[in-house]
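Chemist: Provided herewith is a single structure, encoded as C-alpha coordinates, for subsequent inquiry.
The values are calculated or read from the model by the stated rules, or taken from the named source; none is laboratory data. Values in this document were obtained by computation on a predicted structure and should not be read as measured data. With ideal geometry, Cβ positions are generated from the backbone for all residues, glycine too; neighbour counts draw on all protein chains shown.
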Amino acid sequence: MARVDAARLRRSFSRLENRLEVPNLIDIQRRSFEWLVDTEKGGLRETIDDVSPIEDYTGNLAVVFEEITFDDPVATIAECREKDLTYARPLTVKVAFQNRETGEIREQSVFMGDFPWMTDWGTFIINGTERVVVTQLVRSPGAYVMEPKDREKQVFVANLMPARGSWLELEIDKKGKVFVRIDRKRKLPVSVLLRAMGEVLRESGVASGWTGSDEDILNLFDNSLYIRNTVEADTEVTKSEEGALIELFKKQRPGEPPSVDAAKNLLNQLFFDPKRYDLTRVGRYKLNSRLRLDESLETRTLTPRDIVELISELISLPKMLGIPETGEYDGEPIKD
(Lines give C-alpha, C1' and ligand atoms only; values in the text may rest on other atoms or scores of the structure.)
Protein backbone atom coordinates (compact mmCIF):
# COMPACT_ATOMS: atom_id res chain seq x y z
CA MET A 1 0.00 0.00 0.00
CA ALA A 2 1.47 3.33 -1.05
CA ARG A 3 2.22 5.83 1.66
CA VAL A 4 0.54 9.20 1.33
CA ASP A 5 2.49 12.13 2.80
CA ALA A 6 0.35 14.68 4.55
CA ALA A 7 1.27 17.95 6.17
CA ARG A 8 2.06 17.34 9.81
CA LEU A 9 0.20 19.37 12.37
CA ARG A 10 2.71 20.95 14.74
CA ARG A 11 1.46 21.60 18.25
CA SER A 12 3.18 23.91 20.72
CA PHE A 13 2.80 23.44 24.47
CA SER A 14 5.03 26.38 25.41
CA ARG A 15 3.64 29.25 27.45
CA LEU A 16 5.01 31.87 25.06
CA GLU A 17 4.15 31.60 21.42
CA ASN A 18 7.20 31.65 19.15
CA ARG A 19 6.60 34.20 16.41
CA LEU A 20 10.13 34.24 15.00
CA GLU A 21 10.19 33.16 11.38
CA VAL A 22 13.01 30.95 10.17
CA PRO A 23 15.18 33.10 7.86
CA ASN A 24 16.42 32.03 4.47
CA LEU A 25 19.78 30.55 5.41
CA ILE A 26 21.35 31.22 2.01
CA ASP A 27 19.98 34.73 1.66
CA ILE A 28 23.39 36.32 2.34
CA GLN A 29 25.05 34.34 -0.46
CA ARG A 30 22.24 35.04 -2.91
CA ARG A 31 22.11 38.77 -2.21
CA SER A 32 25.90 38.96 -2.47
CA PHE A 33 25.85 37.28 -5.87
CA GLU A 34 23.00 39.49 -7.07
CA TRP A 35 25.07 42.55 -6.16
CA LEU A 36 28.11 41.10 -7.95
CA VAL A 37 26.30 40.60 -11.28
CA ASP A 38 24.28 43.82 -11.19
CA THR A 39 25.27 45.32 -14.55
CA GLU A 40 24.57 48.90 -13.45
CA LYS A 41 26.08 49.28 -9.96
CA GLY A 42 27.37 45.83 -9.00
CA GLY A 43 30.78 44.54 -8.08
CA LEU A 44 31.64 43.40 -11.60
CA ARG A 45 30.72 46.84 -12.93
CA GLU A 46 32.95 48.48 -10.30
CA THR A 47 35.86 46.19 -11.17
CA ILE A 48 35.59 46.98 -14.88
CA ASP A 49 35.28 50.71 -14.16
CA ASP A 50 38.52 50.52 -12.16
CA VAL A 51 40.47 49.72 -15.35
CA SER A 52 38.35 51.63 -17.85
CA PRO A 53 39.41 53.53 -19.86
CA ILE A 54 42.74 52.01 -20.84
CA GLU A 55 44.83 54.75 -22.46
CA ASP A 56 48.12 54.90 -24.30
CA TYR A 57 50.92 57.06 -22.93
CA THR A 58 49.83 60.05 -25.08
CA GLY A 59 46.20 59.92 -23.92
CA ASN A 60 44.96 60.09 -27.54
CA LEU A 61 43.95 56.43 -27.88
CA ALA A 62 41.65 54.76 -25.37
CA VAL A 63 39.71 51.53 -24.92
CA VAL A 64 36.48 52.05 -22.97
CA PHE A 65 34.40 49.20 -21.53
CA GLU A 66 30.74 50.15 -21.68
CA GLU A 67 27.64 47.94 -21.36
CA ILE A 68 27.80 44.53 -19.68
CA THR A 69 25.38 41.78 -20.69
CA PHE A 70 24.89 38.16 -19.64
CA ASP A 71 23.49 35.83 -22.30
CA ASP A 72 21.31 32.80 -21.53
CA PRO A 73 23.07 29.69 -20.17
CA VAL A 74 24.26 27.26 -22.82
CA ALA A 75 23.06 24.25 -20.80
CA THR A 76 20.43 23.78 -18.12
CA ILE A 77 21.23 22.82 -14.54
CA ALA A 78 20.15 19.23 -15.15
CA GLU A 79 22.29 18.96 -18.30
CA CYS A 80 25.32 20.33 -16.46
CA ARG A 81 24.95 17.68 -13.77
CA GLU A 82 24.51 14.85 -16.27
CA LYS A 83 27.22 15.87 -18.75
CA ASP A 84 29.84 17.21 -16.30
CA LEU A 85 29.48 20.78 -17.54
CA THR A 86 29.80 24.13 -15.79
CA TYR A 87 26.60 26.08 -15.27
CA ALA A 88 27.54 29.50 -16.61
CA ARG A 89 26.32 32.43 -18.66
CA PRO A 90 28.38 34.03 -21.46
CA LEU A 91 29.64 37.48 -20.45
CA THR A 92 29.74 40.08 -23.22
CA VAL A 93 31.05 43.63 -22.91
CA LYS A 94 30.54 46.44 -25.39
CA VAL A 95 33.98 47.91 -26.05
CA ALA A 96 34.62 51.28 -27.68
CA PHE A 97 37.97 52.11 -29.28
CA GLN A 98 38.39 55.89 -29.26
CA ASN A 99 40.79 58.10 -31.16
CA ARG A 100 40.44 61.33 -29.23
CA GLU A 101 42.61 63.26 -31.66
CA THR A 102 40.36 62.58 -34.67
CA GLY A 103 37.13 61.89 -32.78
CA GLU A 104 36.77 58.46 -34.38
CA ILE A 105 34.98 55.80 -32.28
CA ARG A 106 34.65 52.12 -33.14
CA GLU A 107 32.41 49.86 -31.06
CA GLN A 108 32.27 46.10 -30.85
CA SER A 109 30.76 43.49 -28.52
CA VAL A 110 33.52 41.34 -27.06
CA PHE A 111 33.03 37.91 -25.48
CA MET A 112 34.87 37.99 -22.15
CA GLY A 113 34.27 34.40 -21.06
CA ASP A 114 31.74 32.11 -19.39
CA PHE A 115 30.72 33.48 -16.00
CA PRO A 116 29.78 30.77 -13.43
CA TRP A 117 26.19 31.36 -12.34
CA MET A 118 24.64 30.67 -8.97
CA THR A 119 21.64 28.35 -8.86
CA ASP A 120 18.47 29.08 -6.88
CA TRP A 121 19.90 26.94 -4.06
CA GLY A 122 22.98 29.12 -3.64
CA THR A 123 25.36 26.64 -5.26
CA PHE A 124 27.61 26.59 -8.32
CA ILE A 125 27.93 23.65 -10.71
CA ILE A 126 31.55 23.28 -11.83
CA ASN A 127 32.31 20.40 -14.23
CA GLY A 128 29.12 18.68 -13.11
CA THR A 129 29.93 18.94 -9.40
CA GLU A 130 27.77 21.13 -7.18
CA ARG A 131 29.83 23.40 -4.96
CA VAL A 132 29.20 26.15 -2.45
CA VAL A 133 31.21 29.28 -1.67
CA VAL A 134 32.64 29.17 1.84
CA THR A 135 33.02 32.50 3.62
CA GLN A 136 36.55 33.45 4.64
CA LEU A 137 37.79 35.79 7.34
CA VAL A 138 40.39 38.27 6.08
CA ARG A 139 41.92 41.32 7.69
CA SER A 140 39.85 44.37 6.90
CA PRO A 141 41.55 47.32 5.14
CA GLY A 142 42.59 50.14 7.45
CA ALA A 143 45.36 51.29 9.77
CA TYR A 144 46.79 48.99 12.45
CA VAL A 145 49.36 49.48 15.18
CA MET A 146 50.90 46.10 15.87
CA GLU A 147 53.56 44.29 17.81
CA PRO A 148 56.81 44.37 15.81
CA LYS A 149 58.25 41.16 14.40
CA ASP A 150 61.81 42.05 15.37
CA ARG A 151 61.81 43.15 19.02
CA GLU A 152 65.53 43.87 18.91
CA LYS A 153 65.14 46.61 16.29
CA GLN A 154 61.59 47.99 16.49
CA VAL A 155 59.44 49.49 19.24
CA PHE A 156 56.23 50.43 17.41
CA VAL A 157 54.91 49.47 13.98
CA ALA A 158 51.92 51.00 12.16
CA ASN A 159 50.61 49.39 8.98
CA LEU A 160 48.21 50.90 6.48
CA MET A 161 46.65 48.08 4.47
CA PRO A 162 44.39 48.66 1.46
CA ALA A 163 42.15 46.12 -0.22
CA ARG A 164 44.18 46.70 -3.38
CA GLY A 165 47.45 48.56 -3.71
CA SER A 166 50.72 49.19 -1.89
CA TRP A 167 51.16 48.54 1.82
CA LEU A 168 52.60 51.38 3.89
CA GLU A 169 54.49 50.38 7.04
CA LEU A 170 55.83 52.88 9.57
CA GLU A 171 58.12 52.01 12.46
CA ILE A 172 59.96 53.62 15.36
CA ASP A 173 63.23 51.83 15.93
CA LYS A 174 65.20 51.40 19.16
CA LYS A 175 67.18 54.58 18.46
CA GLY A 176 64.04 56.70 18.28
CA LYS A 177 64.01 57.21 14.50
CA VAL A 178 60.95 56.86 12.28
CA PHE A 179 61.22 54.81 9.09
CA VAL A 180 58.81 53.92 6.31
CA ARG A 181 58.65 50.77 4.22
CA ILE A 182 56.52 50.48 1.07
CA ASP A 183 55.45 47.02 -0.12
CA ARG A 184 57.91 45.47 2.34
CA LYS A 185 60.90 46.75 0.39
CA ARG A 186 63.95 48.52 1.81
CA LYS A 187 63.07 51.09 4.43
CA LEU A 188 63.54 54.84 4.18
CA PRO A 189 63.60 57.62 6.78
CA VAL A 190 60.07 58.98 6.93
CA SER A 191 61.48 62.45 6.24
CA VAL A 192 62.46 61.27 2.74
CA LEU A 193 58.85 60.31 2.01
CA LEU A 194 57.58 63.64 3.34
CA ARG A 195 60.03 65.62 1.21
CA ALA A 196 59.13 63.53 -1.85
CA MET A 197 55.45 64.35 -1.20
CA GLY A 198 56.16 68.09 -1.29
CA GLU A 199 54.02 68.80 -4.35
CA VAL A 200 50.94 66.92 -3.11
CA LEU A 201 51.31 68.40 0.39
CA ARG A 202 51.19 71.91 -1.07
CA GLU A 203 48.32 71.17 -3.48
CA SER A 204 46.19 69.47 -0.81
CA GLY A 205 46.56 72.36 1.63
CA VAL A 206 48.06 70.18 4.35
CA ALA A 207 51.19 72.35 4.24
CA SER A 208 50.56 75.24 1.86
CA GLY A 209 53.96 76.91 2.33
CA TRP A 210 55.87 73.63 2.32
CA THR A 211 59.49 73.81 1.16
CA GLY A 212 60.66 70.47 2.55
CA SER A 213 63.11 72.03 4.98
CA ASP A 214 63.96 70.47 8.34
CA GLU A 215 61.98 73.25 10.01
CA ASP A 216 58.87 72.48 7.93
CA ILE A 217 58.99 68.81 8.88
CA LEU A 218 59.51 69.53 12.58
CA ASN A 219 56.68 72.10 12.64
CA LEU A 220 54.33 69.60 11.00
CA PHE A 221 54.80 67.23 13.96
CA ASP A 222 55.15 69.72 16.84
CA ASN A 223 58.92 69.34 17.03
CA SER A 224 58.69 65.66 18.02
CA LEU A 225 61.96 64.16 19.23
CA TYR A 226 61.41 61.09 17.04
CA ILE A 227 61.07 63.27 13.94
CA ARG A 228 64.07 65.37 15.00
CA ASN A 229 66.19 62.23 15.33
CA THR A 230 65.08 61.17 11.86
CA VAL A 231 65.76 64.53 10.24
CA GLU A 232 69.21 64.78 11.79
CA ALA A 233 70.12 61.41 10.30
CA ASP A 234 69.22 62.52 6.74
CA THR A 235 71.96 62.80 4.15
CA GLU A 236 72.56 65.95 2.12
CA VAL A 237 71.38 64.14 -1.02
CA THR A 238 67.84 63.70 0.33
CA LYS A 239 67.48 67.18 1.84
CA SER A 240 65.80 68.48 -1.33
CA GLU A 241 62.46 67.43 -2.84
CA GLU A 242 64.12 66.23 -6.05
CA GLY A 243 66.75 64.25 -4.15
CA ALA A 244 64.08 62.61 -1.98
CA LEU A 245 62.06 61.65 -5.07
CA ILE A 246 65.12 60.06 -6.68
CA GLU A 247 65.95 58.16 -3.46
CA LEU A 248 62.37 56.89 -3.20
CA PHE A 249 62.45 55.72 -6.82
CA LYS A 250 65.76 53.90 -6.32
CA LYS A 251 64.39 52.00 -3.32
CA GLN A 252 61.16 50.99 -5.10
CA ARG A 253 62.54 50.41 -8.61
CA PRO A 254 66.16 49.30 -8.23
CA GLY A 255 67.90 48.87 -11.56
CA GLU A 256 65.68 51.31 -13.46
CA PRO A 257 67.04 54.72 -14.53
CA PRO A 258 65.73 57.28 -12.00
CA SER A 259 64.26 60.66 -12.88
CA VAL A 260 62.15 63.22 -11.03
CA ASP A 261 59.16 62.80 -13.37
CA ALA A 262 59.27 59.00 -13.11
CA ALA A 263 59.46 59.27 -9.31
CA LYS A 264 56.44 61.61 -9.20
CA ASN A 265 54.44 59.19 -11.35
CA LEU A 266 55.50 56.30 -9.13
CA LEU A 267 54.45 58.12 -5.95
CA ASN A 268 51.06 58.90 -7.48
CA GLN A 269 50.57 55.28 -8.56
CA LEU A 270 51.53 53.95 -5.13
CA PHE A 271 48.92 55.81 -3.07
CA PHE A 272 46.84 58.35 -4.99
CA ASP A 273 45.71 56.59 -8.20
CA PRO A 274 42.18 55.08 -7.87
CA LYS A 275 42.99 52.52 -10.57
CA ARG A 276 45.84 51.09 -8.51
CA TYR A 277 44.82 51.81 -4.92
CA ASP A 278 41.54 51.04 -3.18
CA LEU A 279 40.80 51.25 0.54
CA THR A 280 37.10 50.37 -0.02
CA ARG A 281 34.37 52.20 1.87
CA VAL A 282 34.97 50.01 4.92
CA GLY A 283 38.69 50.79 4.90
CA ARG A 284 38.04 54.52 4.56
CA TYR A 285 35.55 54.40 7.45
CA LYS A 286 38.03 52.58 9.68
CA LEU A 287 40.86 54.92 8.70
CA ASN A 288 38.68 57.95 9.45
CA SER A 289 37.78 56.50 12.85
CA ARG A 290 41.36 55.62 13.75
CA LEU A 291 42.84 58.97 12.70
CA ARG A 292 39.80 61.11 13.58
CA LEU A 293 39.31 62.31 10.01
CA ASP A 294 36.16 63.36 8.17
CA GLU A 295 37.01 62.29 4.62
CA SER A 296 34.13 61.14 2.42
CA LEU A 297 33.63 57.37 2.28
CA GLU A 298 33.90 57.69 -1.49
CA THR A 299 37.55 58.81 -1.09
CA ARG A 300 39.04 55.36 -1.45
CA THR A 301 42.64 56.35 -2.16
CA LEU A 302 45.03 57.78 0.39
CA THR A 303 45.32 61.51 0.87
CA PRO A 304 48.42 63.41 2.01
CA ARG A 305 46.60 64.14 5.29
CA ASP A 306 46.10 60.40 5.87
CA ILE A 307 49.85 59.81 5.76
CA VAL A 308 50.67 62.81 7.94
CA GLU A 309 48.05 61.85 10.54
CA LEU A 310 49.23 58.23 10.60
CA ILE A 311 52.78 59.41 11.33
CA SER A 312 51.42 61.70 14.07
CA GLU A 313 49.44 58.80 15.54
CA LEU A 314 52.53 56.59 15.62
CA ILE A 315 54.86 59.12 17.27
CA SER A 316 52.20 60.02 19.87
CA LEU A 317 51.80 56.43 21.08
CA PRO A 318 54.88 56.35 23.35
CA LYS A 319 53.66 59.45 25.18
CA MET A 320 50.14 58.04 25.51
CA LEU A 321 51.59 54.87 27.06
CA GLY A 322 53.82 56.76 29.48
CA ILE A 323 57.10 56.12 27.67
CA PRO A 324 59.44 59.14 28.03
CA GLU A 325 60.82 60.81 24.91
CA THR A 326 64.46 60.04 25.54
CA GLY A 327 65.34 59.17 21.98
CA GLU A 328 65.99 55.53 22.80
CA TYR A 329 63.78 52.89 24.35
CA ASP A 330 65.09 49.85 26.20
CA GLY A 331 61.84 48.32 27.42
CA GLU A 332 59.53 45.75 25.92
CA PRO A 333 57.60 46.61 22.75
CA ILE A 334 54.01 47.63 23.40
CA LYS A 335 51.11 45.94 21.64
CA ASP A 336 48.15 48.09 20.56
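Chemist: Search segment 241-271 for residues being of a type in the set (D, E, K, R) and within 16 Å of L201 (Cβ to Cβ), and hand back the single one that is nearest to the chain's Cα centre (by Cα).
Modeler: K264
Here's the yes/no breakdown for (1) more than 29 Å from the chain's Cα centre (by Cα); (2) outside any loop (DSSP other than H, G, I, E, B); (3) surrounded by 11 or more Cβ atoms within 10 Å (Cβ to Cβ); (4) not acidic (D, E):
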| residue | (1), (2), (3), (4) |
| --- | --- |
| L85 | yes, no, yes, yes |
| L91 | no, yes, yes, yes |
| V95 | no, yes, yes, yes |
| I105 | yes, yes, yes, yes |
| Q108 | yes, yes, no, yes |
| D114 | no, yes, yes, no |
| M118 | no, no, yes, yes |
| W121 | yes, no, yes, yes |
| E130 | yes, yes, yes, no |
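Chemist: Can you pull out the residues in segment 50-83 that are without any contact (Cβ under 8 Å) to a residue 24 or more places away in the chain and within 29 Å of the chain's Cα centre (by Cα)?
Modeler: If the condition is that a residue be without any contact (Cβ under 8 Å) to a residue 24 or more places away in the chain and within 29 Å of the chain's Cα centre (by Cα), then S52, I54, E55, D56, Y57, T58 are the ones that fit.
Chemist: Does N268 meet the test of being under 30 Å from E298 (Cβ atoms), assigned to a helix (DSSP H, G or I) and at pLDDT 85 or above?
Modeler: yes
Chemist: Next question, about the same structure. Report, by residue number, each residue of segment 156-179 that is more than 16 Å from L266 (Cα to Cα) and of a type in the set (A, V, I, L, M, F, W, C).
Modeler: Across segment 156-179, the qualifying residues are F156, V157, A158, L160, M161, A163, L170, I172, V178, F179.
Chemist: Here is a further query. Can you pull out every residue in segment 38-49 that is under 22 Å from the mean Cα position of the chain (by Cα), more than 22 Å from F272 (Cα to Cα) and surrounded by fewer than 14 Cβ atoms within 10 Å (Cβ to Cβ)?
Modeler: Within segment 38-49, just K41 meets the criteria.
Chemist: Quick one: which of R290, R281, R253, R276 is without any contact (Cβ under 8 Å) to a residue 24 or more places away in the chain, charged (D, E, K, R) and within 21 Å of R181 (Cβ to Cβ)?
Modeler: R253
Chemist: Also, quick follow-up: For R181, state whether it is in contact with an Asp or Glu (Cβ under 6 Å, 6 or more places away or on another chain), at pLDDT 90 or above, under 28 Å from V51 (Cβ atoms) and buried (at least 17 other Cβ atoms within 10 Å of the Cβ).
Modeler: Yes.
Chemist: Output the number of the condition that F70 fails; it satisfies all remaining conditions of (1) surrounded by 15 or more Cβ atoms within 10 Å (Cβ to Cβ); (2) at pLDDT below 90.
Modeler: F70 satisfies every listed condition except (2).
Chemist: I'm trying to understand the selection: among the residues of segment 272-309, which are within 21 Å of A207 (Cβ to Cβ) and either assigned to a helix (DSSP H, G or I) or in the same structural domain as G43 (by TED's automatic domain parsing) (or both)? Explain how you work it out, then say what you get.
Modeler: Just the residues of segment 272-309 that are within 21 Å of A207 (Cβ to Cβ), to begin with: 272, 287-288, 291-295, 299, 301-309.
Matches in segment 272-309: L287, N288, L291, P304, R305, D306, I307, V308, E309.
Chemist: Only one of (1) surrounded by 17 or more Cβ atoms within 10 Å (Cβ to Cβ); (2) of a type outside the set (K, R); (3) over 27 Å from the mean Cα position of the chain (by Cα); (4) not in a strand (DSSP E or B) is not met by V192, so which one is it?
Modeler: Single failed check for V192: (3).
Chemist: With the checklist (1) of a type outside the set (A, V, I, L, M); (2) in a helix (DSSP H, G or I); (3) modelled with pLDDT under 85; (4) over 17 Å from V95 (Cα atoms) in hand, flag the one item T58 doesn't pass.
Modeler: All conditions pass for T58, except number (2).
Chemist: Tell me yes or no: at least one residue of segment 188-206 is at pLDDT 90 or above and over 15 Å from L248 (Cβ atoms).
Modeler: no
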